Amino acid sequence: MTSCSRCWLAVSPYVGVILALTAWWLSWPIVVQPPSMSDEPIAKETMRLDGTDDDDSTGLQVTLIPAPNFATISLSDDRKQAFIAWLLPLIAQENARILELRREAVRLYGLSQQNRLSLKQKEWLVNLAIDYEVEFEAKGFDLSFWQNLLYRVDAIPPSLVLGQAAIESGWGTSRLAKDAHNFFGIMCFKPGCGIAFDRGAGEFRRFEGINDSIAFYMRIINTKGAYRIARAERMSHRLIGDVPSGLALAKTMKHYSELGGRYIDFLVKIMRENKLDEYDGADWSIPVEVNEASAAVSVQSQPVP
């Protein structure tokens, strides 16, 4: 996977990074009945958008957390609220894990500006870059490496995750969600890798637990070329000190489904009608300039020695 240096668009070549500890607060939104949804996810293309069928999920933590039986709750505000209340803490958990990686990467960037990176720290950065499909030079970590790394290692707005999970799983009632813990319509393309379906090639990926499903979904958004515009949109919010907007990112999700623009319209409608943007928020710390002249602020959280 090549680094997506082209996805900086209008963003300044010198990127400011806003560090944050997420604190997602549960509240009950006023919701409106959404359009009816089929039992089969809308998404049909995710893992092949960059011309790859890599199904390696190495490094993704799996935590088995049973889902409520949402089908026993009538399709109403109660079901939606139960779905959000169950899923939101799991989204926050995975976002917190990603932000831990981000904070450590920023800390190591500061050390790199002083030529103080240890061999173990360099190895950690290489492994992180491989996991997030960021290219790096054998001679060292240049400015482009740091920009691309911090461009990808970042949290996903909860409203976007909730909206796509609601659509792809029918608010948690689809067979795919119940039998395979697949809440995002994620596909795989190796025989026997998941659950077969009637139309088209490939299968729907099977996960060991919902945490695994969320982690895999976030890795797709954070690494695949089809979502470079979404990552640019997220960074544009960070640069001006705003909380990244799930609604803004939703408008870049044309490639998540073969429905294209119609999928975006449906996703935005679900998010707005159910006020999912209320769940986007964090306590932001001071910004950090990533450039060749200044060292990053050191934010230590389980640092790599």
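For this structure, a couple of remarks:
- Flag for ALA230 being crowded, with 20+ Cβ neighbours inside 10 Å, over 18 Å from TYR151 (Cβ atoms) and modelled with pLDDT of 95 or more: no
- Boolean, ALA226 is outside any helix (DSSP H, G or I) and farther than 16 Å from VAL161 by Cα: no
- Complete set of residues in the stretch 105-146 that are under 19 Å from LYS224 (Cα atoms) and in a helix (DSSP H, G or I): VAL126, ASN127, LEU128, ALA129, ILE130, ASP131, SER144, PHE145, TRP146
- Test: ARG97 is surrounded by fewer than 21 Cβ atoms within 10 Å (Cβ to Cβ) and within 22 Å of ILE221 (Cβ to Cβ): yes
- Subset of the stretch 95-125 [farther than 30 Å from ASP280 by Cβ and of a type in the set (D, E, K, R)]: ARG116, LYS120, LYS122, GLU123
- Test: residue in the stretch 248-259 that is surrounded by 18 or more Cβ atoms within 10 Å (Cβ to Cβ), at pLDDT 95 or above and outside any helix (DSSP H, G or I): yes
- Summed over the stretch 152-169, the residues that are more than 14 Å from the chain's Cα centre (by Cα) and surrounded by fewer than 24 Cβ atoms within 10 Å (Cβ to Cβ) give a count of 1.
- Some residue of the stretch 110-126 being over 20 Å from LEU143 (Cα atoms) and among the aliphatic types (A, V, I, L, M): no
- Leading residue by the ranking (nearest to TYR151 (Cα to Cα)) among those in the stretch 78-123 that are in contact with a strand residue (DSSP E or B) (Cβ under 8 Å, 6 or more places away or on another chain) and charged (D, E, K, R): ARG102
The values are calculated or read from the model by the stated rules, or taken from the named source; none is laboratory data. Everything numeric here is computed off the predicted structure, so don't read it as measured data. Reconstructed Cβ throughout: ideal geometry from the backbone, glycine too, with neighbour counts over all protein chains shown.
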